[in-house]
1. For T117, indicate whether it is over 18 Å from the mean Cα position of the chain (by Cα) and β-branched (V, I, T).
2. Given the conditions (1) at pLDDT 85 or above; (2) open to solvent by less than 60 Å² (accessible area, probe 1.4 Å); (3) over 21 Å from P91 (Cβ atoms), which single one is not true for F160?
3. Across region 10-34, what is the total count of residues that are outside any helix (DSSP H, G or I) and either surrounded by 15 or more Cβ atoms within 10 Å (Cβ to Cβ) or modelled with pLDDT of 90 or more (or both)?
4. Are there any helices (runs of 4 or more DSSP H) wholly within region 180-243 with 3 or more residues that are modelled with pLDDT under 90 and open to solvent by less than 60 Å² (accessible area, probe 1.4 Å), and if so which?
Amino acid sequence: MIARFAGRMREAVTTGDLVRLLDDGACVLGFPYHALVQHADLARPPRHLVFLQNYPACWVETFARQGLHRHDPVQLLASRRPGSFAWRDMPRLLQLTAANRQVMNDALRAGLGEGFTVPLHVPGVRSASCSFAVHPGEPLPVDSLLAAEILAHGIFSALFDILLAPRRRAIAHLAPRELECIRLMAQGKTDWEIGTILGLAEETVKTYLKSARERFGVARRTQLALAAVSHGHVSLDELVTWQ
């Protein structure tokens, strides 16, 4: 089954092809519901938001109208971890609030039973996830979870190539010295301190950072630091470790 769907993924050339593939794949795996979505306020969705789902219409409308993205534990946990998880395991993985539990209770009443979520992360791209769910009272098809994870990653990868990649600004190429200056700048160092650490003149540091800002098309140091993190040149762990 996986090989067959992999072949269809390679042949997909439109978003519609991927929608049909996700519909067919979820059904074959025993999931009547699925949602491959980027996390956002559905009442004010950003342009080009990825939103492929067949959840009960009443739940989608309620989720958007009440702004439940702020309290949805599925999206919250998916944004914080790389590994997939069954919804039943969320209390062990996340400290659930009353609002989190209410969202899941409301989803159950709307027709979503047990579920399984695959986090989908790409540097510089809005967080996303692909969830699969069954009707209330039905068992989670645990034998299908690995295949569901493969399907979700495959669909998202193909979707990225078709829909997301062309809309992203080309990742700026940074020279090694520019990258070193940016990392130290993002840690709060002044140009003088950066120069002292790297053995460079302060004016040279200013030149490197100015060149990097131009590559990313930003004007301020804060914007440059965010752009470098967003594009994977600097990790948040580096900054946290330094602090």
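1. no
2. (1)
3. Qualifying residue count for the region: 7.
4. It comes to 202-216, 221-230.
The values are calculated or read from the model by the stated rules, or taken from the named source; none is laboratory data. Only a predicted model underlies this, so the values are computations on that prediction, with no experimental measurement involved. Every residue, glycine as well, gets a Cβ built from its backbone with ideal geometry; the counts of neighbours run over all protein chains shown. Ligands, DNA and RNA are stripped out before the accessible areas are found, and what is left, the full protein with its side chains, is counted by its heavy atoms. Shrake-Rupley method; radii C 1.70, N 1.55, O 1.52, S 1.80 Å.
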